[in-house]
1. Can you tell me which of (1) out of contact with any Ser or Thr (no Cβ under 7 Å at 6 or more places or on another chain); (2) modelled with pLDDT of 95 or more; (3) under 18 Å from GLY318 (Cα atoms) is the one GLN200 doesn't meet?
2. Take GLY117 and decide whether it is in a loop (DSSP other than H, G, I, E, B) and buried (at least 17 other Cβ atoms within 10 Å of the Cβ).
3. Please indicate, with yes or no, whether at least one residue in region 16-25 is in contact with a Ser or Thr (Cβ under 9 Å, 6 or more places away or on another chain) and either under 19 Å from THR99 (Cα atoms) or outside any loop (DSSP other than H, G, I, E, B) (or both).
4. Taking into account only those residues within region 239-261 that are within 11 Å of the chain's Cα centre (by Cα) and not in a helix (DSSP H, G or I), which is nearest to GLY48 (Cα to Cα)?
5. Check ASP212, ASP227 and return the single one that is at positive phi, out of contact with any Leu (no Cβ under 8 Å at 6 or more places or on another chain) and without any contact (Cβ under 8 Å) to a residue 60 or more places away in the chain.
6. Condition test on SER16, is it under 19 Å from the mean Cα position of the chain (by Cα) and over 19 Å from GLN173 (Cα atoms)?
7. Could you give me the residue pairs with C-beta distances under 6 Å whose first residue belongs to region 284-297 and is among the hydrophobic types (A, V, I, L, M, F, W, C), whose second residue is part of a helix (DSSP H, G or I) wherever it lies, and which are 6+ apart or on separate chains?
8. Only one residue in ASP168, ASP148, ASP141 is out of contact with any helix residue (DSSP H, G or I) (no Cβ under 8 Å at 6 or more places or on another chain) and acidic (Asp, Glu), so which one is that?
Amino acid sequence: MSTVSDFIPGLRLSESFYLEAVKLVLDANFPDLQFSAALIGSGSEVLGFDTEMSTDHHWGPRVMLFLKEGDYQHYHKAIHEALSNELPTRFRGYSTNFTVPNAADNNVQLLKEVDHGPINHRVQIFTIRGFFRSELNFDIDESIQPADWLTFPSQKLRSIIAGAVFHDGIGLQAVRDRFSYYPHAVWLYLLASGWNRIGQEEHLMGRAGMVDDEIGSAIIGSRLVRDVMRLCFLMEKQYAPYAKWFGKAFTQLKCAADLSPILRRVLLAEAWQEREKHLAAAYEYVAEMHNRLGVTETLPARVSSFFGRPFLVIHIGGDFAKAILTRVTDPVVRQIAERKLIGSIDQISDSTDILSDPRWRMTLRRFYE
C-alpha cells in the first residue's frame, strides 16, 4: 500500500500508464489498430474518490481498451500477450502485475511484485457493445426507452459517464454521451416520485416519536434524510453513486454547504421534536430549490401541520408531485405515471444485489410496461 505522501489518484495513474506504457506497446505491435482507451465503470478511482486505502485491492496501473467488433475477435489475445510480455513490471512505484481473481473474495485482484514478465496485467479489452451490455444489460444499437432509464441504477450511470477517455478512435465518448442524463420527462417523473416518497413518510417520524418510539422515529428520520439527499441529486442533475460514496458525492452538490449541517443535526437529534425541527428546515430548503427550477408554478415553501395533527410537513396530498406530473407530456412516461409513483430502481430498492447485477434489469423493466 502506498503512503499518503506518494499516493497518486488512480485516474491520473491510469492516464499516465496508458500514455507512457500501454500506448507504446500498441504503437509498436499494432500501428494501424483503431481503438479507444479509457478508465470508466467500476472502481473508486473512476469516481475520483480513491485514497491511499484504495490501493489495497483491485487498484493499480490499469487501462480499458475498446476494439471494434471484428477487431476484438482478431486481436484481443495478441494484444493481451504483447502487453503481458512488454509492459514494465513497475510503473510510478506500483507493480503492474496482479494476482489472479480470488473466487473466494468477489474475484478481487491484488498488486503482486514480480522481477520480470510475463505479467498478469489489468489492461482489460472490450468491445463497446459488450461493455455496455455487461454494465447495463442493454444493447447500444437500441433506442433508450423510459423503462430502460428507470431500471438503470444511478450508480451504474454515474460510473459510466465518470472517469475519462484517453484516446477515442472508435466513438466511445459518443456512446457515453447518450447516458449523460435522464430525458426531461423521465427526470420530471423521478422528481415527482422523490417528493411522493417524502410525502408518504414525513408525518410518520413524529408519530413514532409521540408514542415513545425514538428508535423508530430515528429510522424514519434517516430515511427522510436520504430521500431529501436523493431529491437534491435529481434537482442538480447529478447521478447518485452507491452507498459508500453517497454522502461524499453529496458534499460536491451546490446545495450541500447549506443543507449538510441541517441534515447532520437531524441524524444527531435524540428526540423527535428536535429531529422534526431540523427536517422542517430541510424541507423548506429543498422546496425553495424546487421553485428555483421553474418546472412548475411557485409552490408554498413553508411547513404546516399535518391535517391538524402536531406534525410539521412540507405538503399535503402530494402537492409537489402532482404539480410536477402536470408538466410531463411524453405519452409513455405519462402512462407509467398514471400508476403508483414507484419511481426508479433506486427509489424502489437499495438491495446491493439488485443494483449491482444487471441481470435483474429485464425483470424489473416489467414494472413499467
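The values are calculated or read from the model by the stated rules, or taken from the named source; none is laboratory data. This one's a predicted model, so the numbers in the text were calculated from it and none came from an experiment. So basically every Cβ, Gly included, is an ideal-geometry build from the backbone, and we count neighbours across all protein chains shown.
1. (2)
2. no
3. Among the residues of region 16-25, at least one is in contact with a Ser or Thr (Cβ under 9 Å, 6 or more places away or on another chain) and either under 19 Å from THR99 (Cα atoms) or outside any loop (DSSP other than H, G, I, E, B) (or both), which makes the answer yes.
4. So the residue we want is PRO241.
5. Sole residue among the options that is at positive phi, out of contact with any Leu (no Cβ under 8 Å at 6 or more places or on another chain) and without any contact (Cβ under 8 Å) to a residue 60 or more places away in the chain: ASP212.
6. No: the conditions fail for SER16.
7. Short answer, once both residue conditions are applied: VAL286/VAL228; VAL286/LEU231; MET289/MET235.
8. Numbers: ASP148 fails: out of contact with any helix residue (DSSP H, G or I) (no Cβ under 8 Å at 6 or more places or on another chain); ASP141 fails: out of contact with any helix residue (DSSP H, G or I) (no Cβ under 8 Å at 6 or more places or on another chain).
Of ASP168, ASP148, ASP141, the one residue that is out of contact with any helix residue (DSSP H, G or I) (no Cβ under 8 Å at 6 or more places or on another chain) and acidic (Asp, Glu) is ASP168.
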